[in-house]
Amino acid sequence: MGHELKPLPYRYDALEPYIDKKTMEIHHTKHHKAYVDKLNAALDKYDKLKKKNVEDLIKDLNSVPEEIRIAVKNNGGGHVNHSFFWLILKKGVKPKGEILEAIEKKFGSFDKFKEEFVNAAIGVFGSGWAWLVLNNNELEIMKTVNQDSPLSDGKIPVLCIDIWEHAYYLKYQNRRNEYVEAFFNIINWDKVNENFKNVI
Ligand code: MN3
């Protein structure tokens, strides 16, 4: 059985015009699926590890045998990061609730938070992610490279943006800044607030 690619909880065109249907379809059915397939292939001979959920694998990479550790880090990371990312996307939800209060308290204002997050996202060198995480119950903006997950550093994701070119290139080409700006129209703040409240 192994790890599975779950269907998205919305249609591929649900985020138009900010993220186009074709990008979402390829991103989910090709890129995300490839991470799941390669994770399963890496774990094939490891019956005990196969039973662990992917978050637990990524939280404790040292428990993964060295010969498959990089494969699990990259493909397990790809699986866990995308599964998280899909759920924080939705059109037309305004920032709200406890997370908005916590953001305003930590960054001074929502606009200041946005500026810092946008700068982090634009500043990812090559492929990676920008995140809002909880680090010892403190909100923090961070970047990761490749498919590295904050979970491997003991940090809890609240919000993230995929900065791999496959996430935006069809529509935005080299204009990463426009993609990051558009992303602020499709953040599911209900889900982000839920992520936040589940931790604090
Ligand atoms: Mn991606």
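When the Kirkwood radius is taken over all Cα pairs of segment 97-197, what Stokes-Einstein diffusion coefficient follows at 4 °C and 1.567 mPa s, in µm²/s?
For these conditions, the coefficient is 93 µm²/s.
With +1 on each Lys and Arg Cβ and -1 on each Asp and Glu Cβ, and nothing else charged, work out how big the dipole of the chain is about its Cα centre, in Debye to the nearest 20.
Approximately 380 debye in magnitude.
Modelled label-to-label distance, ASN177 and ALA41, 7 Å Cα→beta-carbon offset: nm?
3.9 nm
Mind counting lysine pairs for me in segment 97-197? Cα separation below 26 Å, and the two need to be 8 or more apart along the chain or on different chains.
Going through segment 97-197 pair by pair, I get 26.
Find the centroid of the Cα atoms in segment 33-64 and in segment 87-159, then give the distance between the two in whole Å.
Computed from Cα coordinates, the inter-centre distance equals 26 Å.
Working with all protein chains in place, sort TYR179, TYR169 by solvent-accessible area computed with a 1.4 Å probe, largest first.
TYR169, TYR179
Measure off, as a whole percent, the carbon and sulfur share of the 1.4 Å-probe accessible area of segment 70-200, all protein chains present.
Of all accessible area on segment 70-200, carbon and sulfur atoms account for 48 percent.
Mind ordering 43-49, 117-123 by average Cβ neighbours within 10 Å, highest first?
117-123, 43-49
How many Å² of accessible area per residue for the chain, probe 1.4 Å?
Result: 52 Å² per residue.
Note down, for the chain, the three equivalent ellipsoid semi-axes (square root of 5 times each alpha carbon gyration tensor eigenvalue), biggest first, whole angstrom.
Semi-axes, largest first: 27, 20, 15 Å.
Any idea how far apart LYS50 and GLU194 come out in nm if each label point goes 7 Å out from Cα toward Cβ?
3.1 nm
The values are calculated or read from the model by the stated rules, or taken from the named source; none is laboratory data. Computed from a predicted structure; not experimentally measured. With ideal geometry, Cβ positions are generated from the backbone for all residues, glycine too; neighbour counts draw on all protein chains shown. Side chains included, ligands, DNA and RNA excluded: accessible areas come from the protein's heavy atoms. Shrake-Rupley method; radii C 1.70, N 1.55, O 1.52, S 1.80 Å.
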